[in-house]
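The values are calculated or read from the model by the stated rules, or taken from the named source; none is laboratory data. In this text, all values refer to a predicted model and were calculated from it rather than measured experimentally. Here the Cβ is made from the backbone with ideal geometry for all residues, glycine too, and neighbour counts use every protein chain on show.
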Amino acid sequence: MNMKEWKRGFAGGVAATVLCSSLVCGSLAAHYQKQATLDYTGIKINVNGQIITPKDASGNTVDPFAISGTTYLPVRAVANALGLEVGWDQTTQTVILTEHPDGTSTASGTVVLDKSGIKVTYLGIRKRELPLEGYEIRLKIENSTGKDYTVQARDVSMNGCMVDSIISEDVAAGKSAITSITVYNAEERGVTAPITTAEFKLHIFDSDTWDTYFDTDAITVK
């Protein structure tokens, strides 16, 4: 089974347990509570070779844990890493995971650029809270050349609307960096959640001379 088929089955059949200050277990017949011992053992989540740091909707780190040998993962973090949309049905107490409307998605860990010694891997989109509210298009940039390069973004859009953004990442020769294209005025431009598509171009130039190394075509993530 390939990744797309696995995601479709995962998204179509998921029923999630919601965890608050105590463990809340639900079923079609009853709603009840029970006490349990949570084991925090430093569990890590690896998606397509990329270790992800699970965070809640406010950007706070949420550690995976185990109960009686069963591992529980934060559903939002896993869904975002797989390029799935996350929804919540309060009436039925159900977490709903779906693919993007056009049936495609860009999973965290997808390489979106690999040219002339510069490799860029997409790490997902997350909402940014205070002090600078907005969104982050997270990227891993690897520089396998012998020169220091700086990466900036151009023509950034979300859901088809042009937005203002910030990124200027220096990546030394032979090094890598985890960074983000930060979008800070999405709502003012008419962009509302969920973010189904983001598009941007990258401008790569010599950090010392400012000479252009190369510019990319538009890169789209969904």
Considering residues of segment 121-156 that are of a type in the set (Gly, Ala, Ser) and at pLDDT 95 or above only, the residue surrounded by the most Cβ atoms within 10 Å (Cβ to Cβ): Ala153
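Name the one entry in Thr220, Thr209, Thr182 that is under 13 Å from Leu113 (Cβ atoms) and among the hydroxyl-bearing types (Ser, Thr, Tyr). I'd like the intermediate steps shown before the answer.
On the way: Thr209 fails: under 13 Å from Leu113 (Cβ atoms); Thr182 fails: under 13 Å from Leu113 (Cβ atoms).
Only one candidate qualifies: Thr220.
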Cβ pairs under 7 Å, 6+ apart, first in segment 150-161 and under 14 Å from Asn185 (Cβ atoms) and touching a residue at least 40 places away in the same chain (Cβ under 8 Å), second in a strand (DSSP E or B) and not hydrophobic (A, V, I, L, M, F, W, C): Val156/Ser165; Ser157/Glu199; Met158/Tyr135
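Any residue in segment 21-33 that is surrounded by 15 or more Cβ atoms within 10 Å (Cβ to Cβ) and at pLDDT below 80? Steps first, answer last, please.
Of segment 21-33, the ones surrounded by 15 or more Cβ atoms within 10 Å (Cβ to Cβ) are 23, 26.
With the extra rule that they be at pLDDT below 80, the set shrinks to 23, 26.
Checking segment 21-33: at least one residue is surrounded by 15 or more Cβ atoms within 10 Å (Cβ to Cβ) and at pLDDT below 80.
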Subset of segment 118-144 that is part of a loop (DSSP other than H, G, I, E, B) and closer than 27 Å to Val47 by Cβ - its residue that is farthest from the chain's Cα centre (by Cα): Ser144
